[in-house]
């Protein structure tokens, strides 16, 4: 259930198949809240028969969908999340710079065409400046790097994913490795100082 390179998932599947064991890769989306509430979105790669047998296990965790063969469960969700975090951070920072109340802008957008779980949850984190993880930024670097490498191997150029990777790498380089990935806002604020969302102090994880 890790977000791993598709080639690794396919290698695992072949290794297990040679030993008569079925294998499913099943990364999730929904974060710690989804895990606690058993509402995770689960993207499963593998054989349909194995997926059917595993259905009761997945049901205890959330909503599972078989999306294709081994390795298919990886990356699409992570690409959307990474890029959307950047879009939400940029939009709220732009709103604040223009004199609008970012909290009111977020509330106005909710339910509209630009609504998303990232806007609802991580947009609120940005406004509250609460960057206790959740999903840490260094994990997002790992996922984005895998997305970009997989795309290149397939002959694709994904400029949004590449930009997200560069931004998250800079966040990590400036001390944000264990911050929640919504702290991408801090990297944008660093690049645009003194622009900032609100005056509240940042809530950050304790230094390890």
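In the set [x] 23; [y] 38; [z] 31, which value of percent of Cα pairs over 29 Å apart was calculated from the structure you see?
Derived directly from the coordinates: [z].
Nearest 500 deg cm²/dmol is fine: what mean residue ellipticity at 222 nm does the chain get from its DSSP H runs of n ≥ 4 alone, each adding -39,500 (n - 2.57), divided by its residue count?
My calculation for the chain gives -15500 deg cm²/dmol from helical runs alone.
For region 15-84, just say rounded, prolate or oblate: build the C-alpha gyration tensor, square-root its eigenvalues into a ≥ b ≥ c, call rounded for a/c under 1.5, and beyond that prolate if a/b exceeds b/c, oblate if not.
oblate
Kirkwood Rh over Cα pairs of region 1-124 into Stokes-Einstein at 20 °C, 1.002 mPa s: D in µm²/s?
The estimated diffusion coefficient comes to 132 µm²/s.
Sort region 83-124 into rounded, prolate or oblate with this rule: let a ≥ b ≥ c be the square roots of the eigenvalues of the Cα gyration tensor; rounded if a/c is under 1.5, and if a/c is not under 1.5, prolate when a/b is larger than b/c, oblate otherwise.
Here region 83-124 falls in the oblate category.
Would you mind pulling out the separation of the Cα centroids of region 15-38 and region 163-208, in Å?
30
No lab work stands behind these numbers, since they all come straight from the coordinates. Quantities reported herein were computed from a predicted structural model and do not represent experimental measurements.
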